[in-house]
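To keep things clear, I will list the structure first and then write my remarks on it.
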Amino acid sequence: MAQVYRGGQPYGTGRPALLTPHEVRTHEFPPRRRGVDPVEVHRFQARLADELAALYQEIRVLAQENDRLRRALRDWQARQCRPRNGGPW
């Protein structure tokens, strides 16, 4: 996450840093006296990491589609602005 310094203190962009699937898979929880089943925790982490990976891939695909549509619209607008009668306008 990019940070800008104001008054000597880091100032965030307002968006939290995104977790990566790797961070979810490898996060360790401190042991507790009455803890949870570590196998279940790892199973949940794997499921969550897979869902994050799928969502990030979908975001990349949608961003590429958005760029393609933006270029197509710009090209269409440029074609519509050309003079039709061959005049100097």
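Please go through (1) modelled with pLDDT of 90 or more; (2) open to solvent by less than 90 Å² (accessible area, probe 1.4 Å) for E23 and return the number of the only condition it doesn't satisfy.
Unmet condition: (1).
Among the residues of the stretch 8-20, how many are modelled with pLDDT under 80 and open to solvent by 70 Å² or more (accessible area, probe 1.4 Å)?
Applying the first criterion (modelled with pLDDT under 80) to the stretch 8-20 yields 8-18.
Narrowing further to those that are open to solvent by 70 Å² or more (accessible area, probe 1.4 Å): 9-11, 13-18.
Of the residues in the stretch 8-20, 9 are modelled with pLDDT under 80 and open to solvent by 70 Å² or more (accessible area, probe 1.4 Å).
Identify all residues within the stretch 41-81 that are more than 20 Å from P21 (Cα to Cα), part of a helix (DSSP H, G or I) and either aliphatic (A, V, I, L, M) or open to solvent by 100 Å² or more (accessible area, probe 1.4 Å) (or both); write none if there are none. Write out each step before concluding.
Step one: list which residues in the stretch 41-81 are more than 20 Å from P21 (Cα to Cα), which gives 64-81.
The next check asks that each one be part of a helix (DSSP H, G or I); those that pass are 64-80.
Q64, R68, L69, R70, R71, A72, L73, R74, W76, A78, R79, listed by residue number.
The values are calculated or read from the model by the stated rules, or taken from the named source; none is laboratory data. Remember, predicted model here, so these are calculated numbers, not experimental data. These area figures cover heavy atoms from the full protein model, side chains too; ligands, DNA and RNA do not enter into them. Shrake-Rupley method; radii C 1.70, N 1.55, O 1.52, S 1.80 Å.
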